[in-house]
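Chemist: To start, I am sharing the structure in question, which I have written as C-alpha cells.
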Amino acid sequence: MKTVLLLPFLTTSLGDAFSVTLTSPTHSILSAVSHRHSAAATTTTSLHATYDDTCDVLVLGSGPAGCAVASLLGSIDDLDVVVASQNFDADWVPNYGVWKDEWDCVLKRYKNFGIDMEGGKEGRSIDREWPVTDCYFGGSFNIPTEQRLRVDRPYCRVDRFALKKSLTKNFRVVKANHISEAIGINMYSPAGSIIHDADGTSIQLTTKDSTAPITMRAKIVIDTTGHETKLLLKDTREPYTPPGFQIAYGALVEIDESKSADKSKVGPYDKDAMTLFDYRTDHFDGDEDATIKATKAPTFMYAMPLGENRIFFEETSLVARPAMSFQACKDRCFRRLKHLGIDVTKVVEEEYCYIPMGGALPARDQRILGLGGAAAMVHPSTGYHICRALMGACDVANAIREEFAKEQPNVDRAVAAAYHSLWSPNNIRQRNFANFGGEFLMKQDVVGLRGFFDGFFRLPIELWGGFLAGWPGLIYNENHETWYKRIMYGVNFILKLPPPVAWAMFTNIVSYSIFENLSLIQSVTPLLGEPESYEYMRNTDRIGDVAAKQEALRMIQASLAFAEMPTEVAAIAEGSETKTSTEKPIAEAEMTSMAVELETVIDTEEDSEEEKLITIEV
C-alpha cells in the first residue's frame with residue numbers, strides 16, 4: 001500500500017496541499033527541461049557580485065501552479081525561467097477533480113500560449129470522465145435517505161502524471177529549496193539570504209546534500225510553495241478572518257463484487273456517475289454518541305469509480321476551524337463503506353488532504369510574487385483550486401510579459417501588476433462573498449448542510465456554477481463578477497433553501513456584517529468603495545515638491561549672499577539647463593529622483609556660521 005501525504009508544512013505540490021514522496025538521490029544540481037538557454041556555472045555582474053546562476057524568472061515550488069506559470073512564461077519571447085524544487089522529480093499525488101466545462105476553459109487558455117494538455121485515458125490530461133454528477137442529501141427536510149439528486153454536468157478526474165508532463169516545458173530546473181523566512185515586508189532571515197534591488201533579487205537556495213547554499217539571481221521570484229509559505233506575509237490587519245481547513249482521508253481501493261447483484265453500481269453509487277456529496281448519516285443509526293458527533297462535525301463521502309473493481313473514496317470535512325481529525329475521517333469512511341455493503345479487499349493508496357481555505361490575502365508591496373495557495377487562491381467555500389490556479393498563472397504570465405516588453409521595465413511594477421491580475425478590487429469583492437460562504441458553512445451542522453446544498457444545486461446551473469468557479473475566465477463566472485449579480489444570486493438562493501436554513505443565513509449575514517467585518521456588504525452593494533488595490537503606486541514622497549526645490553535653486557543662483565556659487569549647485573544647475581534644452585520636460589510622477597546633498601555655509605550679519613542642508617531633486 002502506498003501512502004501519500006498532502007500537508008503544506010512538509011514540502012510542495014499545488015500550493016494548498018502538498019505531497020510527500022521519496023525519490024532517489026540526485027548527483028546533479030542543475031537539470032534542463034525543454035529550455036533554450038545554457039546556464040553558466042558562475043555569473044559575475046557589473047557590480048562585482050558573484051552568482052551561481054541567473055535567470056529572468058525564478059519559480060519556487062514544482063506543483064501544478066509552479067510548473068504552469070514557468071511553462072507559460074518560458075513560452076513567451078525568450079525568457080529564461082527556472083523552477084527551484086528539491087523534489088521536482090516527485091509525482092503529483094492529489095486526485096484532482098474538475099468540472100469538464102471548466103477544464104475546457106483551461107485547455108483553451110493554454111492553447112493560446114502554445115501549450116497543449118495531452119495524455120490520459122480520455123485525452124486532454126484527463127484520466128476519467130463521468131457524464132453526470134450525483135449527490136445525496138437525504139435524512140432532513142422530508143428528503144428520503146435514499147433519494148439521489150443528479151446534476152447533468154460532466155465531471156473529470158485529472159491524470160496528474162499527464163498534467164505534469166504537459167506542464168514541464170520551457171524552463172530549467174534547479175533541485176534546491178530556499179532557506180529564507182519573511183520577518184517583515186521585503187525583510188528576511190537569515191540576513192542576506194534574499195536581497196532585493198532595483199533590477200531584481202538575489203536568493204540563496206540549498207540542495208538536499210549540499211553543505212553551502214547556492215546563489216541565484218533573478219529579475220522576479222514567484223512563490224508557489226503553498227498557503228503557509230514562509231516567504232510571503234499575509235495582510236492580517238483588522239478586520240481579519242483566519243482560514244478554515246478542509247480535511248480529507250482518501251483511499252483508492254479494490255472491491256469484491258462477486259456478491260453484487262448489479263455490477264453497474266458500487267453500493268448505491270452509479271459507476272457512470274461521479275458522486276460529489278453523500279451527506280447521509282444513516283450508517284450511525286443506533287449509535288447515539290457517533291450520531292451526535294457526525295451531526296455537529298459533519299463529513300461527506302466523495303466517490304470516483306475508476307473502472308473494473310477500483311474506486312477512489314474520500315471522506316471529507318468541507319471546512320472547519322479548528323480542523324477535523326484525520327482519524328475521524330478515516331474511521332467514518334470505512335464505517336460508511338461497511339454500512340453500504342461495499343467489501344474492500346485492498347487499499348492501493350491512501351491520501352491525507354489538508355487544505356487551508358480563506359484567510360488573508362498577501363500583504364501589498366511585497367517584491368516576491370505569490371501564486372496558488374501562496375496567494376490564497378483556494379476557493380474559500382469549496383476548496384476548489386486547480387482550475388483557479390492554472391487560470392491565474394495565465395493572468396500572471398501576461399502581466400509580466402507586458403511589463404518586460406516595455407522599453408524601461410520596472411520590476412516592482414511588474415510584480416504589482418501580476419498581483420493586481422490575481423486580486424483586482426473586483427476579484428477581491430467576489431472572494432469576500434465566497435469568504436462569507438465559507439464562514440457560514442463552518443457554523444452549520446449536517447442538517448443545515450443538507451438543506452444548503454440541496455437548495456444550491458436546485459438553482460440554475462449558471463448561478464451555482466458561477467459560485468463554484470469564482471475566477472475570471474472560468475465558465476459561468478460572469479454571473480458573479482458584479483455586486484448586483486451577486487445580490488441577485490443571493491436572493492434566488494435564499495428562496496430555494498428550507499426556511500430554517502434560510503433564516504440561519506439571514507441572521508448570519510446580519511451578525512457577520514455587524515460584528516465581524518463589512519466585506520460582505522462591500523461585495524454585494526456599491527457602498528463602502530473599492531477594496532485596496534495591488535496596483536503599482538510610486539512613492540512620490542521621495543520626489544517632494546519639485547517646484548519649491550526648483551525655486552530654491554533659482555534663488556541660490558541669484559543670491560548675493562554667496563560670494564561664489566557652490567560647486568554642487570552649479571553642477572546641478574548646469575545639468576538641469578542642458579537637460580531642459582535637449583529633452584522634453586519630465587512629468588513629476590516619472591521624474592528620476594537624483595538627490596544631491598548640498599552643505600552650504602552662510603555668513604550671517606553676526607559673522608557666525610550656520611550649516612544648512614538643501615536637498616535638490618531633478
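The values are calculated or read from the model by the stated rules, or taken from the named source; none is laboratory data. Quick caveat: nothing in here was measured; it's all calculated off a predicted structure. A quick note on method: Cβ atoms are made from the backbone with ideal geometry, for glycine too, and the neighbour counts reach across all protein chains shown. Each accessible area value is taken on the protein alone, full model and side chains, heavy atoms only, with ligands, DNA and RNA left out. Shrake-Rupley method; radii C 1.70, N 1.55, O 1.52, S 1.80 Å.
Chemist: Calculated FRET efficiency, E481 and A198, Cβ-Cβ r, R0 25 Å, to nearest 0.05?
Modeler: The pair E481/A198 has a calculated efficiency of 0.10.
Chemist: Beta carbons within 10 angstrom, averaged per residue: use that to sort the peptides 200-207, 369-376, highest first.
Modeler: Descending mean neighbour count gives 369-376, 200-207.
Chemist: Also, quick follow-up: Heavy atoms of the protein only, probe of 1.4 Å, neighbouring chains included. What is the accessible area of H227 in Å², nearest 10?
Modeler: Surface accessible to solvent at H227 totals approximately 20 Å².
Chemist: Taking square-rooted eigenvalues a ≥ b ≥ c of the alpha carbon gyration tensor, is segment 194-316 rounded, prolate or oblate, where a/c under 1.5 means rounded and, failing that, a/b exceeding b/c means prolate?
Modeler: Cα axes put segment 194-316 in the prolate bin.
Chemist: By the scheme Lys and Arg +1, Asp and Glu -1, what is the net charge of all other residues having a beta-carbon under 15 Å from that of A405?
Modeler: Result for the local shell: -2.
Chemist: What number, in percent, do you get for the relative contact order of segment 264-307 if the mean sequence gap of Cα pairs under 8 Å and at least 6 apart is divided by its residue count?
Modeler: Once divided by the residue count of segment 264-307, the mean separation gives 49 percent.
Chemist: Hey, another quick one. Set the Förster distance to 56 Å, then compute FRET efficiency between E462 and L560 from the Cβ-Cβ distance, nearest 0.05.
Modeler: That gives a FRET efficiency of 0.10.
Chemist: Okay, next question. Would you please put 450-462, 146-158 in order of how densely packed they are, using the mean number of other Cβ atoms within 10 angstrom per residue and starting with the highest?
Modeler: Going by the mean number of other Cβ atoms within 10 Å, highest first, we get 450-462, 146-158.
Chemist: Which of the peptides 395-402, 231-238, 75-82 is most tightly packed, and how do the rest follow, going by the mean number of other Cβ atoms within 10 Å of each residue?
Modeler: Going by the mean number of other Cβ atoms within 10 Å, highest first, we get 395-402, 75-82, 231-238.
Chemist: Stokes-Einstein D for segment 55-137 at 10 °C, 1.306 mPa s, Kirkwood Rh over Cα pairs, in µm²/s?
Modeler: In µm²/s, the coefficient rounds to 107.
Chemist: Largest first and to the nearest Å, give the Cα extent of segment 43-188 along each principal axis.
Modeler: 75, 38, 24 Å, listed from the longest principal axis down.
Chemist: Specify whether the C-alpha gyration tensor of segment 325-371 places it in the rounded, prolate or oblate class, a ≥ b ≥ c being the square roots of the eigenvalues: rounded for a/c under 1.5, otherwise prolate if a/b is larger than b/c and oblate if not.
Modeler: Cα axes put segment 325-371 in the prolate bin.
Chemist: Using a 1.4 angstrom probe on the protein heavy atoms only, line up E118, E407, E351, E228 by accessible area, largest first.
Modeler: My answer, sorted largest first, is E407, E118, E228, E351.
Chemist: Hey, another quick one. Around K330, what is the net charge, scoring Lys/Arg as +1 and Asp/Glu as -1 over all other residues with Cβ under 10 Å from its Cβ?
Modeler: Neighbour charge sum, excluding K330 itself: -1.
Chemist: So, one more: Suppose all protein chains stay in the model; what accessible area per residue would a 1.4 Å probe give for segment 478-544, in Å²?
Modeler: Per-residue accessible area for segment 478-544 comes out at 61 Å².
Chemist: What is the calculated FRET efficiency for E122 to D89, with r their C-beta to C-beta distance and R₀ = 25 Å, to the nearest 0.05?
Modeler: Computed FRET efficiency for E122 and D89: 0.45.
Chemist: Which net charge results when you count Lys and Arg as +1 and Asp and Glu as -1 among the other residues whose beta-carbon is under 13 Å from that of R310?
Modeler: After counting each charged neighbour, the total is -1.
Chemist: Right, another one. In whole Å, what is the distance between the alpha-carbon centres of segment 215-229 and segment 343-357?
Modeler: 30
Chemist: Expressed as a whole percentage, what fraction of the accessible surface of segment 268-383 belongs to carbon and sulfur atoms when a 1.4 Å probe is rolled over the protein heavy atoms?
Modeler: 48
Chemist: Related question: Report the normalised scattering of segment 214-275 as log10 I(q)/I(0) at q = 0.15, 0.16, 0.29 Å⁻¹, calculated by the Debye formula with identical scatterers on the alpha carbons.
Modeler: -0.75, -0.78, -1.33
Chemist: Enumerate the amide H contacts of L361 below 5 Å, restricted to partners 5 or more residues apart or on another chain; note that Pro and chain-start residues carry no placed amide H.
Modeler: D235
Chemist: Something else now. For segment 257-271, what does the Karplus curve 6.51 cos²θ - 1.76 cosθ + 1.60, with θ = phi - 60°, yield as ³J(HN,Hα) per residue in whole Hz, taken in order and with x for Gly and Pro?
Modeler: 3J(HN,Hα) across segment 257-271, in whole Hz: 9, 5, 9, 7, 7, 10, 6, 7, 10, 10, x, x, 8, 5, 5.
Chemist: Another question about this same structure. Give me the one-decimal nm value for the distance between modelled label points at D289 and S264, 7 Å along each residue's Cα-to-Cβ direction.
Modeler: Taking the two extended label points, one gets 4.3 nm.
Chemist: While we're on this one: Rounded, prolate or oblate: which fits segment 458-531 when a ≥ b ≥ c are the square roots of the eigenvalues of the alpha-carbon gyration tensor, with rounded for a/c under 1.5 and prolate only if a/b beats b/c?
Modeler: oblate
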